[in-house]
1. How many residues are in contact (Cβ under 8 Å) with a residue 24 or more places away in the chain and farther than 16 Å from Val177 by Cβ when one looks only at segment 58-71?
2. Would you confirm, using the coordinates I've provided, whether Arg91 is out of contact with any Lys or Arg (no Cβ under 6 Å at 6 or more places or on another chain), exposed (fewer than 15 other Cβ atoms within 10 Å of the Cβ) and part of a helix (DSSP H, G or I)?
3. Take the residues in segment 57-77 that are in a helix (DSSP H, G or I) and crowded, with 20+ Cβ neighbours inside 10 Å, then tell me which one is farthest from the chain's Cα centre (by Cα).
4. Those residues that are without any contact (Cβ under 8 Å) to a residue 24 or more places away in the chain and either within 15 Å of Asn147 (Cβ to Cβ) or in a loop (DSSP other than H, G, I, E, B) (or both), I need them from segment 95-116; list them, please.
5. Regarding segment 123-142, can at least one residue be identified that is within 18 Å of the chain's Cα centre (by Cα), modelled with pLDDT of 85 or more and closer than 26 Å to Val45 by Cβ?
6. Looking at this structure, is Asp61 modelled with pLDDT of 90 or more and over 26 Å from Leu185 (Cα atoms)?
7. Filter segment 138-191 down to the residues that are in contact with a helix residue (DSSP H, G or I) (Cβ under 9 Å, 6 or more places away or on another chain), buried (at least 17 other Cβ atoms within 10 Å of the Cβ) and closer than 20 Å to Phe101 by Cβ and list them by number.
Amino acid sequence: MFKPLRVCFGGLLSLLLVACFGSSTTIEQSWRAPDVELDKLRNVVTVYIAPDGSIRRTIEDEMASKLVRKGIRAKPMYMVLSEEDLLDRDRAKASLIAAGFDGVVAIRLVSRESSAGSLDDYWGSAWPSVYDPNYAFTDVVVRVETNVYSLANNELVWSALSRTIDPATSRTVVEEVTTLVAGELAARGVVISSRR
């Protein structure tokens, strides 16, 4: 007699768990060059723009790893270029082309913002008095920009702005953004899989 209620409650609980613990990263905006021939980019380097070398290498590794899982040839920039090469854009570009790379996937943190809110007068006087109607909360929103450049013609071919809401850790942001971006690049054909 109570089995349908248990099934319904179990399903509702499952939906709530997915909603609470699922991915919080989405693409807010994206753009692709209108005249781009999408079969050009086949071998890319990943770069994270940051002064901290340890963080830079970690994120470059993560992005390259996610692209490789999608069948895309990718390597972290730090494995290809020296610190001196990075100081001279023309020398870096020439070294990348000489090494067989045709594109760059550049990632950078755009913002990390906190915003406060409250549920004032939630349901008015209908809600029991034991509930505090002045519940306050803070949302943390992290935005990351990813740009893909063609080395052959030095042009931006794809750009996206992602948004992560209330990440548990900075590692969560890295994991979710790199997974989402790698999927978008593969699905949209911005960088071609070597499996084709």
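The values are calculated or read from the model by the stated rules, or taken from the named source; none is laboratory data. Since the structure is predicted, the reported quantities are computational estimates derived from the model, not experimental observations. When we count neighbours, we look across all protein chains shown, and the Cβ atoms used for this are built from the backbone with ideal geometry, even at glycine.
1. So the answer is 1.
2. It is true that Arg91 is out of contact with any Lys or Arg (no Cβ under 6 Å at 6 or more places or on another chain), exposed (fewer than 15 other Cβ atoms within 10 Å of the Cβ) and part of a helix (DSSP H, G or I).
3. Met77
4. Ala99 - this is the single residue of segment 95-116 that is without any contact (Cβ under 8 Å) to a residue 24 or more places away in the chain and either within 15 Å of Asn147 (Cβ to Cβ) or in a loop (DSSP other than H, G, I, E, B) (or both).
5. Among the residues of segment 123-142, at least one is within 18 Å of the chain's Cα centre (by Cα), modelled with pLDDT of 85 or more and closer than 26 Å to Val45 by Cβ, which makes the answer yes.
6. No; evaluated as a whole, the condition is false for this residue.
7. Matches in segment 138-191: Thr146, Val148, Leu151, Trp158, Thr178, Val181, Ala182, Leu185, Ala186, Val190, Val191.
For (1) within 14 Å of Val142 (Cβ to Cβ); (2) touching a residue at least 12 places away in the same chain (Cβ under 8 Å), each residue gets a yes or a no:
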{"position": "Leu156", "(1), (2)": "no, yes"}
{"position": "Ser159", "(1), (2)": "no, yes"}
{"position": "Ser162", "(1), (2)": "yes, yes"}
{"position": "Pro167", "(1), (2)": "yes, yes"}
{"position": "Ser170", "(1), (2)": "yes, no"}
{"position": "Glu175", "(1), (2)": "yes, yes"}
{"position": "Leu180", "(1), (2)": "yes, yes"}
